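Readers should treat all values here as calculations from the given coordinates under stated rules, not as data from a laboratory. What you are looking at is a predicted structure, and each value in this text was computed from that prediction instead of being measured. Backbone-built Cβ (ideal geometry, glycine too); neighbour counts: all protein chains shown.
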Amino acid sequence: MKKFLVLVFILSFIIPLQARVPFNWGCVNWGWLGDQISQAIKPNFRQATWGMSKVQVKAIEKAKSYGEEKKSDGGLDILAYEGKAGSLECFIAYYFVENQLIQGRYHFLEKHANRILFIGDFRTVKKELTQKYGKPTEDETYWKNDLYKDDSSDWGMAVAVGHLSFQAVWQTPQTKVLLMLTGDNYEITHRLQYSSKSKKHQDLKKEAAKKAKKDIW
């Protein structure tokens, strides 16, 4: 966004100047300029950019609406939709604080009788994200209990009971991308989360969480 504003600022001087001093527009590298503008306004989550209002997100999101929640457990407002990420069914959520978009999530809804297939889903999504963002900055496998560690066919059960979890992280200039596979009490959660790295948004999120904890909304 800052880069985009700088480009607009420069053009705001060049265009009025053209009225008084001849300017050779042929010397402008339009391809480079177009690439810079495109990068500056590139979406952060789906077609949305950080800081958008709920009204703006509603105008661009084409998935089926699942509803709206105000002041969730973390103090954030949520817009929810039903859709797909790749080939996986998911619940799409946009998170707002003070009517500013700060986070987006895909909560995958796939159900498998054989729990090992959840690990396959995680690896598929991780591969697709690696193709898009490059090698993860973090790629971790966590074992809290080694009971099922020696037999990989039992790893789905290990995830379901909370013994095993997987996590991968990618970083872009404006966004932290977090992919997680966790479990507890025989329920498995597979989630992909995009979060604004803006200090302003991080501070707003922390303040919202404090207010929610104190129940002072």
| task | Any lysines with Cα under 22 Å of the K149 Cα? List them, leaving off those in the same chain fewer than 8 positions away. | result | K126
| note | Computed from the beta carbon distance with a Förster radius of 35 Å, FRET efficiency for T141 and K64 to the nearest 0.05 stands at 0.50
| Which pairs in the list K42/K197; K176/K200; K84/K127; K84/K144; K42/K176; K54/K127 are over 22 Å apart, alpha-carbon to alpha-carbon? | K84/K144; K54/K127
| query | How large is Rg over Rh for region 101-186, taking Rg from the Cα atoms and Rh as the Kirkwood inverse mean of 1/r across Cα pairs? | reply | 0.99
| query | For region 54-214, with equal point scatterers placed on the C-alpha atoms only and solvent neglected, what are the log10 I(q)/I(0) values from the Debye formula at q = 0.16, 0.19 1/Å, to two decimals? | reply | -1.02, -1.29
| request: Report the calculated FRET efficiency for Q202 and H112 (r = Cβ-Cβ distance, R0 = 35 Å), to the nearest 0.05. | output: 0.50
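What number, in percent, do you get for the relative contact order of region 140-217 if the mean sequence gap of Cα pairs under 8 Å and at least 6 apart is divided by its residue count?
Computed over region 140-217, the figure is 21 percent.
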| said: Restricting to Cα pairs below 8 Å that are 6+ residues apart, what does the relative contact order work out to for region 67-208? Please round to a whole percent. | reply: 20 percent
| field | From phi via Karplus (6.51, -1.76, 1.60), per-residue ³J(HN,Hα) for region 121-128 in Hz, x at Gly/Pro | value | 4, 4, 5, 5, 5, 4, 4, 5
| request: Return the sequence-ordered ³J(HN,Hα) values of region 188-201 in whole Hz as given by the Karplus equation 6.51 cos²θ - 1.76 cosθ + 1.60 applied to θ = phi - 60°, using x for Gly and Pro. | output: 9, 10, 10, 9, 10, 10, 10, 10, 5, 8, 4, 4, 4, 5
